[in-house]
Amino acid sequence: DTAVSQTPKYLVTQMGNDKSIKCEQNLGHDTMYWYKQDSKKFLKIMFSYNNKELIINETVPNRFSPKSPDKAHLNLHINSLELGDSAVYFCASSHPSGNTIYFGEGSWLTVV
Amino acid sequence: GENVEQHPSTLSVQEGDSAVIKCTYSDSASNYFPWYKQELGKGPQLIIDIRSNVGEKKDQRIAVTLNKTAKHFSLHITETQPEDSAVYFCAGGDTGFQKLVFGTGTRLLVSP
């Protein structure tokens, strides 16, 4: 059973387009995250949601908008894609009182 | 905010040797320190963690040590095997956490 699943796994798109990445977790966790991993493998948090409420919003451009329709889903929508948005985006989840973060397999975004 | 530094960035060992990866953190309020292993094309997976009320923790071939005074913690892998080859990340945060700060990663290569 996949714990944290995200789609699509690979996405190639042109500059200026709008795209979405979907994430779902079946672990019953209340907290979900989006992390970005750049080409140098640096892993940085972008957003954190707890029970559908935004908890953390790091310095991410407004073109990135997360949406949590329920606590099992956290989608990431990106407007007006730029070359610098090319990266691997990881969805993750955890219990708020627990510490283990479970990551999805990643979505490889390439902007051309 | 928290800042986590990780060394070395790459580490090559022979099968059977030990490997040590070191991290330092800046925020004395941080009290949770997990280690993640990321294999090629996959998301990071928790391999071991330690809380600030413990100085050392062991799980088979993997051990983690924490020096709160010096604000550093280390991952020790003994009897390395080729399947240990991966990128390893340390991280630091607090147990209420919603936000973990990751180190820059160590690429471990175990040669047969």
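The values are calculated or read from the model by the stated rules, or taken from the named source; none is laboratory data. Owing to the predicted nature of the structure, the values given are computational and were not obtained by experimental measurement. Cβ: placed from backbone, ideal geometry, glycine included. Neighbour counts: every protein chain shown.
Considering each of B:CYS90, B:CYS23 in turn, give the residue that is more than 24 Å from A:VAL4 (Cβ to Cβ), buried (at least 21 other Cβ atoms within 10 Å of the Cβ) and within 14 Å of chain A (Cβ to nearest Cβ).
Working: B:CYS90 fails: more than 24 Å from A:VAL4 (Cβ to Cβ).
Of the residues listed, the single one that is more than 24 Å from A:VAL4 (Cβ to Cβ), buried (at least 21 other Cβ atoms within 10 Å of the Cβ) and within 14 Å of chain A (Cβ to nearest Cβ) is B:CYS23.
Inspect region B:63-76 for any residue being under 20 Å from A:THR100 (Cα atoms) and within 11 Å of chain A (Cβ to nearest Cβ) and give the result as yes or no.
no
Are any residues in region B:34-62 within 10 Å of another protein chain (Cβ to nearest Cβ) and over 17 Å from A:PHE42 (Cα atoms), and if so, which ones?
Correct list: B:ASP49, B:ARG51.
I'd like to know if region A:65-72 contains one or more residues that are more than 23 Å from A:TYR102 (Cβ to Cβ), more than 13 Å from chain B (Cβ to nearest Cβ) and part of a strand (DSSP E or B).
yes
Within region B:26-39, identify whether any single residue is over 21 Å from B:GLU2 (Cβ atoms), surrounded by fewer than 18 Cβ atoms within 10 Å (Cβ to Cβ) and not aromatic (Phe, Trp, Tyr), and answer yes or no.
Yes; the residues of region B:26-39 include at least one that is over 21 Å from B:GLU2 (Cβ atoms), surrounded by fewer than 18 Cβ atoms within 10 Å (Cβ to Cβ) and not aromatic (Phe, Trp, Tyr).
If you scan region A:39-67, which residues turn out to be within 20 Å of B:VAL101 (Cα to Cα) and of a type in the set (Ser, Thr, Tyr)?
A:SER39, A:SER48, A:TYR49, A:THR59
Of the residues that make up region B:95-103, is at least one within 17 Å of B:HIS7 (Cα to Cα), at pLDDT below 95 and within 14 Å of chain A (Cβ to nearest Cβ)?
The answer is yes; a qualifying residue exists.
If I ask for residues that are within 14 Å of another protein chain (Cβ to nearest Cβ) and either buried (at least 17 other Cβ atoms within 10 Å of the Cβ) or part of a strand (DSSP E or B) (or both), which ones from region A:97-112 would you list?
A:ASN99, A:ILE101, A:TYR102, A:PHE103, A:GLY104, A:GLU105, A:GLY106, A:SER107, A:TRP108
Given the criterion charged (D, E, K, R), touching a Lys or Arg at 6+ places or on another chain (Cβ under 9 Å) and not in a loop (DSSP other than H, G, I, E, B), identify the matching residue among A:LYS36, A:LYS41, A:LYS22. Reasoning before the result, please.
Numbers: A:LYS41 fails: not in a loop (DSSP other than H, G, I, E, B); A:LYS22 fails: touching a Lys or Arg at 6+ places or on another chain (Cβ under 9 Å).
The conditions single out A:LYS36.
Among the residues of region A:44-64, what is the count of those that are polar (S, T, N, Q) and either part of a strand (DSSP E or B) or surrounded by 18 or more Cβ atoms within 10 Å (Cβ to Cβ) (or both)? Reasoning before the result, please.
Filtering region A:44-64 for residues polar (S, T, N, Q) gives A:48, A:50-51, A:57, A:59, A:62.
Checking which are either part of a strand (DSSP E or B) or surrounded by 18 or more Cβ atoms within 10 Å (Cβ to Cβ) (or both) leaves us with A:48, A:50, A:57.
Looking only at that region, the number is 3.
Test of understanding: among B:ASP49, B:ASP17, B:ASP59, which residue is within 15 Å of the chain's Cα centre (by Cα), surrounded by 13 or more Cβ atoms within 10 Å (Cβ to Cβ), farther than 14 Å from B:HIS72 by Cβ and not aliphatic (A, V, I, L, M)?
Numbers: B:ASP17 fails: within 15 Å of the chain's Cα centre (by Cα); B:ASP59 fails: surrounded by 13 or more Cβ atoms within 10 Å (Cβ to Cβ).
So the residue among B:ASP49, B:ASP17, B:ASP59 that is within 15 Å of the chain's Cα centre (by Cα), surrounded by 13 or more Cβ atoms within 10 Å (Cβ to Cβ), farther than 14 Å from B:HIS72 by Cβ and not aliphatic (A, V, I, L, M) is B:ASP49.
Assess whether A:SER93 counts as being under 25 Å from B:ARG51 (Cβ atoms), surrounded by 15 or more Cβ atoms within 10 Å (Cβ to Cβ) and more than 9 Å from every other protein chain (Cβ to nearest Cβ).
Working: under 25 Å from B:ARG51 (Cβ atoms): yes; surrounded by 15 or more Cβ atoms within 10 Å (Cβ to Cβ): yes; more than 9 Å from every other protein chain (Cβ to nearest Cβ): yes.
Criteria met by A:SER93.
State which residue pairs qualify: first residue part of a loop (DSSP other than H, G, I, E, B) and inside region A:73-96, second residue among the β-branched types (Val, Ile, Thr) in any location, beta carbons under 8 Å apart, and separation of 6 or more residues or different chains.
Matching pairs, first to second residue: A:LEU81/A:THR13; A:LEU81/A:VAL111; A:GLU82/A:VAL111; A:SER86/A:THR110; A:SER86/A:VAL111; A:HIS95/A:THR31; A:PRO96/A:THR31.
Within region B:36-63, track down each residue that is of a type in the set (S, T, N, Q) and touching a Phe, Trp or Tyr at 6+ places or on another chain (Cβ under 8 Å).
B:GLN38, B:GLN45, B:SER52
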